[in-house]
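Shown next, in structure tokens, is the structure this report addresses.
The values are calculated or read from the model by the stated rules, or taken from the named source; none is laboratory data. Fair warning: this is a prediction, and the values are worked out from it, not measured in the lab. All Cβ positions, even for glycine, are placed from backbone atoms using ideal geometry, and neighbour counts span all protein chains on display.
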Amino acid sequence: MKQNSNRQNQKPLFLRKVTREELNSLVDRAADLIRTAVDYKFILVLLFLKHISDKWKAETEQAADRLVKEVGLPYELAVKEAQSFVYHTYNIPEELLWDEITKDVQKLPTKLALAINEIAQRNKDLDGVINRVDFLEFARNEENRIILHRLIQLFDQYNLGGEEVSPDILGDAYEHILSRFLPEKGKEGEIYTPRELIRLMVEILDPKPGERVYDPSCGSGGMLIISYMFVKEKYGKEEANRLFLYGQEKSQDIYAICRLNLLIHDIRNAEIYPGDTLLYPKTKREDGRLEQFDVVIANIPWNQDRYGEMTLRDAELNERFSYGFPPDNSADWAWVQHMLASAKEDGRIGLVVDNGCLFRSGREKVIRSKVIEDDLIECVILTPEKLFYNTGAPGAIIIFNKRKPEERKGKILFINGGKEFAPHPSIRRLNSLSKENIEKIVDAYKKFADIPGFARVVDKEEVVKNDYNLNVTLYVMPVEEEERVDIMREFWELKELERERDEVMRKLEGYIEEIINLNEI
């Protein structure tokens, strides 16, 4: 394989293991370069392109070694054979590898554009994923060409495809980029769910090997990736590969980001579909009916408008909305119904919602009341304020269980997690969930018992009497800590104050007596 002669002196970093901190620092520097000049998606594509090129080289070396040892081929012939597609995760001709397309600075934008399009055509799972950024258009001015060259130099520092970097560390770097840029894109619909909040939901829903997890509004894929990582931590990688992931995303750009995010985490057992879930759900069986899953999890688009009755009556599989159609100004309970319809008879469902979803009247109350009467809601959790990047208001998590344990039937657990937060590690205006916060909430869910000021098990009849209001603070408020009074300490402090008062009075009397004596003279 060809080597770039200009880079042969830059190898000390390239061949050693890359730490999580080093890679995050690398993408931070890349982010600083492009912050005001170009879309962050260029960094994501470059990171992925460098990764698959380095991975191709590592696979070639491994295959060549096997061919020499097991078949007895001469090394040069083994290397040539090892370049065949059958030995590789991705079909990439040698001339389209990173070192080849980036060695000529003047032709860099053209080479990148051609390579990305060709690789996308050769690998159908990458078509419409990596070829959604236009390097030629970006590099029309000199300033951007310089930025692009500097980005290439940054990514040149490390091997991103061999044993030097694990998929977990590489995936963390990808997530690190998203955490820097997606929060700023909130007004454009590119919502980023705090990963600690997702971890909380996943621990409650407890996905297991062999199950199928579905996110109907999957965004950048955080819910699915953390579900996979949870199973991997608990049962091992082989068992995690038996967790089957499904998602759908309306935005084509975010759909592409999600696909790349899964691939760079080395997650292959995922099916992600583009399109509008409420109007055109893609998770359908051969008979046209809605597919069903063990776990359904999402941070739905809060208060999404223009999905009222007139729109949803024309949607595919509109029988999903059997509890009724939502108002035009909020599709929250349309999403709830889609998720309920997508869960198996014993399925678990968890979603993040705006607090208003819990108590608003009108059409939403009608739908909510029917869901409550059918005893589908298992738990409602109030989240802390300032947890979300695009709003300072607290949100809520609703956990549904279509087959509640006998002891939980006819009951709803309310958890007030409003005070369960820690300062955000990098953004001063935000809060975060610590490991201890998550453990406390998950433990309360598992115990399903009253905890003064934090959790309360409420009979369904009480919720009905409260006009089907699910607002957590209606049922459980934090207990204000009463200041403990040390009576003996308070007594002696009072005695000391009295002594000081008497001393001041004696001094004052002496001053007055001196003044009187002076006047008499």
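Within the span defined as the stretch 416-431, every residue fails to be buried (at least 16 other Cβ atoms within 10 Å of the Cβ), closer than 24 Å to residue 338 by Cβ and touching a Ser or Thr at 6+ places or on another chain (Cβ under 6 Å).
Residues in the stretch 281-290 that are part of a loop (DSSP other than H, G, I, E, B) and surrounded by 15 or more Cβ atoms within 10 Å (Cβ to Cβ): 281, 282, 283. Against the list (1) in a strand (DSSP E or B); (2) among the aromatic types (Phe, Trp, Tyr); (3) more than 18 Å from residue 348 (Cβ to Cβ), the condition residue 389 fails is (1).
Set side by side, the residues 271, 239 differ, and just one is assigned to a helix (DSSP H, G or I) and of a type outside the set (A, V, I, L, M), which is 239.
Considered as a group, the residues in the stretch 352-372 that are of a type in the set (D, E, K, R) and in contact (Cβ under 8 Å) with a residue 60 or more places away in the chain include one that is surrounded by the fewest Cβ atoms within 10 Å (Cβ to Cβ), and that residue is 365. For the stretch 388-409, state whether one or more residues are buried (at least 20 other Cβ atoms within 10 Å of the Cβ), among the charged types (D, E, K, R), under 28 Å from residue 249 (Cα atoms) and in contact (Cβ under 8 Å) with a residue 40 or more places away in the chain. Checked against the condition, which is being buried (at least 20 other Cβ atoms within 10 Å of the Cβ), among the charged types (D, E, K, R), under 28 Å from residue 249 (Cα atoms) and in contact (Cβ under 8 Å) with a residue 40 or more places away in the chain, the stretch 388-409 yields no hits at all.
Does any residue of the stretch 308-323 turn out to be outside the structural domain of residue 124 (by TED's automatic domain parsing), in contact with a strand residue (DSSP E or B) (Cβ under 8 Å, 6 or more places away or on another chain), among the hydrophobic types (A, V, I, L, M, F, W, C) and modelled with pLDDT under 95? Looking through the stretch 308-323, none of the residues is outside the structural domain of residue 124 (by TED's automatic domain parsing), in contact with a strand residue (DSSP E or B) (Cβ under 8 Å, 6 or more places away or on another chain), among the hydrophobic types (A, V, I, L, M, F, W, C) and modelled with pLDDT under 95. Each residue in the stretch 321-351 was checked for being crowded, with 24+ Cβ neighbours inside 10 Å and among the aliphatic types (A, V, I, L, M), and 6 of them qualify.
Results for (1) modelled with pLDDT of 90 or more; (2) over 22 Å from the mean Cα position of the chain (by Cα); (3) crowded, with 21+ Cβ neighbours inside 10 Å, shown as yes or no for each residue.
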residue	(1), (2), (3)
12	no, yes, no
15	no, yes, no
21	yes, no, no
27	yes, no, yes
69	yes, yes, no
